[in-house]
Structure formats: structure tokens, C-alpha cells
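Since the structure comes first, as C-alpha cells, the remarks are kept for the end.
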Ligand code: GLV
Ligand code: MG
């Protein structure tokens, strides 16, 4: 390990993160009763410009009145390039009470963006004498944000998670696609001809680089990497495939832009019983190996070593965290 110790963000379950437009208060109670680990009340892109002031009022009232149980509650503020953003922060903190856990900063581009929001939040918290510190979730969804993702991740002690905002990221990078997340048939490899002259097409994952890069920046700074939206809510298999790919790369959760996606995300980002059993067997085998003075052993015909302990511990810790939240 490096001599540098990575301070970890407060531990929170973040398997599913349900997006709820602030302009649709009729959805708030249902969201509160859902199985989502995190709910974010949106003041940004799901809310039309004329509805912004009313949406802000709705969100403030919901923070005060709705029983959110043990959920993590976040508010997505507007971008720093708009005139809505300062009032989002000021009004939500001054009038919303203590319940809010996180502020989600969209389209973050530089570490200075985070610094600016931190300054404003710090002043508001002090002014109202808030006891609980508000954390930050940041959406990496522009070319600038991706270029500066490492500095952004380390820009504030409030930082808790990085989110891949695939829709805006596609727009910002001028990617040739219009769906929200998921695969694109144009991003494919054509195999050479076989003896019969046949060629196969293998679809690739056009988001691989972006998500992998965000995961590294998040983990190197003790933050949770979270995969963003999947627009086609009538395609659970597509959602599952995307979530699994992100999970394999290290993401801890995924957005749900429709209530039906919450259960899918919770399932994808909870280790299965078989995985946990295997992890526990690895830990037992390594305890035995260490007693015998060996650093590596074979388990089920495969090599396991000290790195396997760390992999297995991650899985077991996640299973314990989920069990503890039930
Ligand atoms: C989320 O905000 C996205 O742009 O995908
Ligand atoms: Mg976006």
C-alpha cells in the first residue's frame, strides 16, 4: 500500500438512486416508500424553467413534511452557469430543515466549481446553525468534468460520490447517439471472415472508458462511483446488462429514472449468496494458509493469494452493510 491513506466517504448504501422531479410532488410519498437507497429530488433537468421556483418550494416542503425513513435524501441543484443555483442552495438549506443529507452538483467541470458550492453551503449551514454536514454528489457529464475528474474528486471534504451522467456526457462529447445509456450497434467490431466467409459483429460498450476513468478517480479519493441513467425503462434486461457492466468495473449503484428500476439496481449491486459464500471460503482458506506459513494456496483449482483476501473482504463487507440496513 501507499504511505498515503485514502480517507473514505461516510458509508452509505447507494445501490439504487431514484430520480424524482421536484415539479411532481404527487410522486414524493411513493418515492419515500420505495426500496431505493437514495432518493434525489430534482431541481435541474427534469424541471422546466418556468416551474423552477415552484419545484424549489415543493422540495423544501417535502424535506420538512415527508417521512423519508432511513433513506439518504439528496437535492439536485441547477448548474453553476444558471441563476437558479444560488437560490437552490440558499433556500433549500435555510428553509428545508435538517433532513437533507446530500446536494447533487450537475455538470461539474472543475475543482473550483466544487469549491464555490462548498463556500456557499458552508455559509448557509453556519447561518442556520445546522448540526449535520451536507455531503456532495457530483455528476461527471461533460468533457470538461471528465478531463478534470481527479481534481474534482479531491476538491472538498464534503465529496461522497461521482455519478456518470451519460445523457449530458454524450451531448457534451458530441457522441453519435441519442439514447440514454445502453449499447449502440455502431460501436462494434466486425470479425475477419471464417472459412465459410462468415463475419460476426461484436457489440462493444461505448461508455467503458468514461465509467472506468470515473471509477478510478472516485476510488482514489475514497468516493462511491455510481452509474447514471438508463432511459429505456421498458427494457429491464438492457438495464441489468448496463448495471452489471458498471458493477464489474467497480460502481456501487445506478440511477433509477423509473420506480421499476429500483428493484433491478438493488439486485444488481447486492452480492449474491453464492458470491458471499465463495468470498467466505476464500477468507477461510487464506486463514489456514497463513497458519501454515504460506502466502498463496489453491482453492477449487485456482490460485488465491493475499490480494484475494482484499477482494473477498470487499464482498463480505458489502453483504454486511446491506444486512445492517434491513
Ligand atoms: C444525467 O444527468 C445525465 O445527463 O445523464
Ligand atoms: Mg445531466
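The values are calculated or read from the model by the stated rules, or taken from the named source; none is laboratory data. Note that this is a predicted model, so its numbers are computed, not measured. Cβ: placed from backbone, ideal geometry, glycine included. Neighbour counts: every protein chain shown.
Couple of notes before you dig in:
- Test result for residue 171, surrounded by fewer than 21 Cβ atoms within 10 Å (Cβ to Cβ) and away from ligand 2 (no atom under 16 Å from the Cβ): no
- Selection count, the range 147-179, where residues are within 15 Å of ligand 1 (Cβ to nearest atom) and either outside any helix (DSSP H, G or I) or not assigned by TED's automatic domain parsing to the domain that holds residue 114 (or both): 11
- Filtered residues of the range 49-81 (kept if away from ligand 2 (no atom under 15 Å from the Cβ) and part of a loop (DSSP other than H, G, I, E, B)): 66, 67, 68, 69, 70, 71
- From the list 123, 147, 95, the lone residue that is touching a residue at least 12 places away in the same chain (Cβ under 8 Å), more than 17 Å from the chain's Cα centre (by Cα) and away from ligand 2 (no atom under 15 Å from the Cβ) is 95.
- Unique match (being in the same structural domain as residue 42 (by TED's automatic domain parsing), closer than 19 Å to residue 79 by Cβ and assigned to a loop (DSSP other than H, G, I, E, B)) among 114, 108: 108
- Beta carbons closer than 7 Å, at least 6 apart along the sequence or on distinct chains, pair a first residue in the range 204-230 that is within 16 Å of ligand 2 (Cβ to nearest atom) with a second that is at pLDDT below 95 for 228/181; 229/180; 229/181; 230/180; 230/181; 230/182.
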